[in-house]
Structure formats: structure tokens, C-alpha cells
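Peer 1: Handing you a structure now.
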2 protein chains.
Amino acid sequence: MNSIKDQFIKYIHALQDQICSGLEASDGSATFEEDNWERDGGGGGRTRVIAGGDVIEKGGVNTSVVFGKLGGMAMKQLKVDYEDFFACGLSLVIHPKSPMIPTIHMNVRYFEIYDEKGEYVNGWFGGGTDLTPYYLDKADAKFFHTSLKAACDPFGEELYPEYKDKCDKYFYNSHRGETRGIGGVFFDYLKPTAEKTSEDWMQMTQSVGDSFLPIYSKIIATHKSKTYTPVQKVWQEIRRGRYVEFNLLHDRGTHFGIKTNGRTESILMSLPPTVRWEYMNEPEPGSREAELVEHLKAVDWV
Amino acid sequence: MNSIKDQFIKYIHALQDQICSGLEASDGSATFEEDNWERDGGGGGRTRVIAGGDVIEKGGVNTSVVFGKLGGMAMKQLKVDYEDFFACGLSLVIHPKSPMIPTIHMNVRYFEIYDEKGEYVNGWFGGGTDLTPYYLDKADAKFFHTSLKAACDPFGEELYPEYKDKCDKYFYNSHRGETRGIGGVFFDYLKPTAEKTSEDWMQMTQSVGDSFLPIYSKIIATHKSKTYTPVQKVWQEIRRGRYVEFNLLHDRGTHFGIKTNGRTESILMSLPPTVRWEYMNEPEPGSREAELVEHLKAVDWV
């Protein structure tokens, strides 16, 4: 049998192919372009970007498989005592053209640490997904969360509530007092326990990864033919500014990548295509824009 | 005679008035709107913003006078042992509409720390200014740096080279391997020494503050009637993305403000109005866009 590591590498590459094909089908016009890159120090990645589509204004679906030595900063952030590491993962962010379709992020990853002799010390899975609408559709929110619950439940009914809570807390713009979007799930440091093997955690992580395409394809299909006004597009661009603020001010993944000399263009591929900042932009009370902002907090959507 | 503190508070308010009038005259169309705000814990500020002008697309000229207790995070960042503080300053960022006119930032500030009995422990001046062009005009760069040298030289000819070097190092997007713009001056922790009193440092800081309006008014006048293409506007928006990256990823002032629960809308007033991120945007070799990027490093402009 293949190691967990080998199985998960194979999985993320297959998932990348599946997701890119699925998104191209949903878009109907644009296609992904691929950039293969190598990392000084070990490994590399496959960055796939799509832009200017009928549905997707900008998006990226990246995989990377890297290994080597962690720097002191990275060891501190990961709270590990050894410098030899292996990491692989898939990370995606899709920014649709229409403000009627939410932005989505999804990520699955696996990490291993080795001692001075190169022996395995431990390994853990992590990942998550969250949805960032510009106009709230409560049916979408319920569908998104119900689907994630269904993906997690086979591995323990306690998982979804825990991961949902972690997501609300993690994707939080503290300086704005609001969540990035309507949440989802977030999990990290999933290591073997008395009840769960690495294999179990891998399957759980894959279950979340596999849920992405059916969820987002359905959300696109629901909203893709809706019309919108230039004013609604401006609102989307202002909200995209909050997305940028989160990713650059608060996101640990972005900071980790930047501080460890990751590939800047792959890390910042998550940033939206066109963005706006206006001083003191506040939606009118009672408007659909205000309705969205009122729901940017922990809400039980299931 | 008034204390240094009282004199500098008076100075920044007069400077704010003078700069806002001068910029309105340069713009010829838009005017500043004022927001007065109070800070929980002590003090407040006067935020003045301008938007949608013929010359200025978005800009802010803010003053604040705040005091009270520093939190642990702020004490650590400022490397001080006491929690009672006073701070006042003027901070401005101007984002012009035309990509032919550079963005500019300027800031002057004064800080005091007190012991448990409320006795003055020490005080220091800080500040700086830097210019961020979208198309390089070497005459502008030389004029900008020569003017700053002239502002600093009366207080010691060693100052400009030192502050210029600090500026190149501070306004640096390490993840891009480029400076934010073509530099300027940056100084901090200017405390009394054997040669210089607080009064001397105040005058030096004011000399830099006073230089802003004549410098920028001339730069605006030089370029305001130049035409530009939509493609050049897109280039400006992409470069504005780098400005956002610096302010949110690296700027200590922004992080300090966010972490100490500063007024978010005043802190992020520095962000540009419309911004773009494209994957792997690289200027064509030999183009004017490439010329700019080649000069985003420490250059001796004087």
C-alpha cells in the first residue's frame, strides 16, 4: 500500500484536474492556463489560473508538493521542534464576475515533520472552505452548510459544529467587526488519536475536498443568468476590498507563504481582479447590501 | 513659552489647513470633507477626505491628538516600559486620477511617554514622505529628493542621506523585491542628544512637513494636463495593488493602528480608490512600465 503522503499527492492532483474541468464547464467560455514552478530548496507546484470568463472573472486552483528545511520563523509559526518537513496541498479561490454569485475559497493540505535522522515524527491534515457572497441568498447559505455537514458527519457528528465554529472565528476581519463571508468549515492539526487514524483524517479531508465541485457548480447554476446593475458591481468591488484586507492583514496562510519566501504570484492569486476602497461606505438601512452585512457573523445556517 | 507638545499640536492643525487649501487649489474641482472623531480612552482626530476630483481621485489629510494607556502589544512595538502616552501627528496620502501624476504620502508625528506619577519620561519626533510614480519622470525624482535634502540640510548634512536610506529600506515590498516607489525620507525616535534639543528635532520635522505642499503642487502642475490611455490607467491600478500590499502586509503604522483598535476608516483611508490584481502581470521589456520597475530600488536621485 502507498504511504499516506503518496496517496494524498495523487488525490490533490486528481482533484485539481476534476475541479478545473468542472469550473470550465460551468464557465462555458474561459479555460485554465497552467504554470509549473519549482521551489528552491525542494519541490514545486502547479498553478492554474483562469480569467476573463463569462462566469469567472479571476480564479486559481493550485497544487504544491514541497519539502526541505523550515526556517526559524516557520518552525515557530507551526510550533514544531524539527526543521525537516514535507507539505502538499490544493488551494483555490474563485472570484466570479457577477455580484450575484459568491466568491469561494477551498483548501486541503497535509504536512509531515521528520527528525534529524529523517525519521517521521508526525503528520497532520488541515483544510477548509468558506463562502463570501455579495448579496445574501439564505437558500445558498443553508445548502452550503448542509452540504459541508454531510461531508463531515460520516467521520463524527461532532466535527461539523467544531469546524464551523473554527471557520467563523478564523475568517474574521477583527478591524471591521465582521466575518469575511457566511463561513463554512476550517480544520487543522488533524493527527492520529485513540479513535482516528491518519487514514480516517485523510478520508475526512478528501470528503470536504470532493464536496467543492458539486456545491459550487450548483451555486453558479442558480445565479449565473441573473442580471445586475453597475451599482451592484461597485458594491461587489467594495466588498472585495474586505477580502483583500483579510488576506493581507490576517490570513496566516498568506503570511506564512510570504515570510517563507513562497511564490508570491501563487500566494496572491487569491486577490480579486478589480477592487475599490471608498471612505466610509455604508449601505442604506433596509437595503440588500445592509442585509448582507447584518449576517456577517456566526449564524446557524443548518 | 508653550510646551513642545502644545506647539506641535498647533503646528499640525495649521499644516492640515494649509495643505487642504493648497490641494483644493491644485485640484480646482473637489473639496475636502471633514469628520471629527473621538477616541475611547482619550483624544480624537480630524479626518479630511477628498474624492472624485479633476486631479485627486482619492485622498486624505488626517490629524490626530490622542493620549491614555498603551496596551501590551503597543508597548512592545514601541519598546517602552510605561503605559501612559501622548501622540499627535498629521498623515496624508493622495491618489491622483491620472497615472501621469505620482501618489504621495507624508507623515509627521510626536510621541511622549510618562511614568506612573504622570511625569514626562521621554518624547520623540518621527515622520517621512515618499513618492510613488506610475511612470518614471527622472526630473520629478531629482526635484523631490533635492527638495527633501534642502529641508533637512539646515539641521545637519548627515541627516538626508541617513533618512533617505531608511526610507528605501522601510518602504520595501520584500515579497516583490522592489521598493514601493522612488523613496524619500523616513525618520523616527528623534530624541534630544548632546547636539540636538527636542526643539531642534521639532523644527527639522516641521521643515519636512512644510516642504510637502510646494513639492507636490509643482509635481501636479507639471503633469496635470498630460493625456493618458485606458491601458495606462490599468497599469496604474495594478501598481496601486502593490501600494495596498505594502500597507496591509508590511506597514508598521497600519498594523499598529489596527492592533490598538484605531479608527479603521481613518487608517485605511490610505488605500487607493480602484485597484487591480492580475496574475503574472509583467511589463514588456523596454517599455515605460518596465523602466519604472527597473528603478524601484535604492537610487541616488540627488
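Peer 1: Could you work out the Rg to Rh ratio of the stretch B:152-302, with Rh taken as the Kirkwood radius (inverse of the mean 1/r over all Cα pairs)?
Peer 2: Numbers: Rg = 17.9 Å, Rh = 18.0 Å.
Looking at the stretch B:152-302, the ratio lands at 1.00.
Peer 1: Take the residue pairs A:LYS5/A:LYS69; A:LYS58/B:LYS259; B:LYS138/B:LYS226; A:LYS76/A:LYS169; B:LYS164/B:LYS233; A:LYS5/A:LYS76 and return only those whose Cα atoms are more than 26 Å apart.
Peer 2: Among A:LYS5/A:LYS69; A:LYS58/B:LYS259; B:LYS138/B:LYS226; A:LYS76/A:LYS169; B:LYS164/B:LYS233; A:LYS5/A:LYS76, the Cα-Cα distance tops 26 Å for A:LYS58/B:LYS259; B:LYS164/B:LYS233.
Peer 1: Give me a single rounded figure for B:267-275: the average over its residues of other chain Cβ atoms within 10 Å of their Cβ.
Peer 2: 5
Peer 1: Please list, ordered by chain and number, the residues whose modelled amide H lies under 5 Å from the amide H of A:GLU57; skip anything fewer than 5 residues away on the same chain.
Peer 2: Sorted by chain and number, the residues that satisfy this are A:HIS95, A:LYS97.
Peer 1: A follow-up question, please. What are the membrane-span-like helices in chain B by this rule: whole DSSP H runs, Cα extent along the axis at least 30 Å, mean Kyte-Doolittle hydropathy at least -1.0?
Peer 2: Membrane-span-like by this criterion, though nothing is claimed about a membrane: B:4-27, B:198-223.
Peer 1: Here is a follow-up. So which GluC sites (Glu not before Pro) in the stretch A:161-267 pass both tests, a DSSP loop state and at most 11 other Cβ atoms within 10 Å of the Cβ?
Peer 2: The qualifying sites are A:GLU195.
Peer 1: What is the average number of partner chain Cβ atoms found within 10 Å of a Cβ in A:245-251? Write out the running numbers ahead of the final one.
Peer 2: Details: counts 6, 1, 2, 8, 8, 2, 0.
Per-residue shielding by partner chains comes out at 4.
Peer 1: Same structure, new question: Taking the stretch B:1-149 on its own, what percent of its Cα-Cα pair distances exceed 19 Å?
Peer 2: 61
Peer 1: Would you kindly work out, in nm and rounded to one decimal, the distances from the label point of B:MET73 to those of the same position in each other copy, ordered shortest first, with label points 7 Å along Cα-to-Cβ?
Peer 2: 1.9
Peer 1: Give the relative contact order (percent, whole number) for the stretch A:4-294; include only Cα pairs under 8 Å separated by 6+ residues.
Peer 2: This gives 17 percent for the stretch A:4-294.
Peer 1: Using the Kirkwood radius built from alpha carbon pairs, what does the Stokes-Einstein equation give as D for the protein assembly as shown at 20 °C and 1.002 mPa s, in µm² per second?
Peer 2: It diffuses with D of about 82 µm²/s by this estimate.
Peer 1: Identify which of A:THR229, A:THR129, A:THR254 has the largest mean-square fluctuation in a Gaussian network model of chain A, with springs joining Cα atoms closer than 10 Å.
Peer 2: A:THR229
Peer 1: Can you pull out the GluC sites (Glu not before Pro) in the stretch A:103-140 that DSSP calls coil and that have at most 16 other Cβ atoms within 10 Å?
Peer 2: Qualifying residues, ordered by number: A:GLU116, A:GLU119.
Peer 1: Can you work out D for the stretch A:4-294 in µm² s⁻¹ from Stokes-Einstein, where Rh is the Kirkwood radius over C-alpha pairs, the temperature is 37 °C and the viscosity is 0.692 mPa s?
Peer 2: 167
Peer 1: Give the aspartates and glutamates whose C-alpha is closer than 14 Å to that of B:LYS117, dropping any in the same chain fewer than 8 places away, or say none.
Peer 2: B:ASP81, B:GLU83, B:ASP84
Peer 1: If I model a spin label as a point 7 Å beyond the Cα along the Cα-Cβ vector, how far apart are those points for A:VAL299 and B:THR264 in nm?
Peer 2: Inter-label distance under the simple model: 1.7 nm.
Peer 1: Quote the relative contact order of the stretch B:133-184 in percent (integer), defining contacts as alpha-carbon pairs under 8 Å separated by 6+ residues. Show your work: numbers first, answer last.
Peer 2: Values: 31 pairs, mean separation 17.3, N = 52.
Over the stretch B:133-184, the number comes to 33 percent.
Peer 1: State, to one decimal in nm and shortest first, how far the label point of A:GLY41 sits from each corresponding label point in the other identical copies (label point: 7 angstrom along Cα-to-Cβ).
Peer 2: Output for A:GLY41: 3.5 nm, nearest copy listed first.
Peer 1: Still on this structure: At B:GLN7, label 7 Å along Cα→Cβ: distances to the other copies, nm, ascending?
Peer 2: Distances between equivalent label points, in nm: 7.4.
None of the figures in this text is laboratory data; all of them are computed from the coordinates on show. Keep in mind that this is a model prediction, so the values were computed, not measured. Every residue, glycine among them, receives a Cβ derived from its backbone with ideal geometry; neighbour counts consider all protein chains shown.
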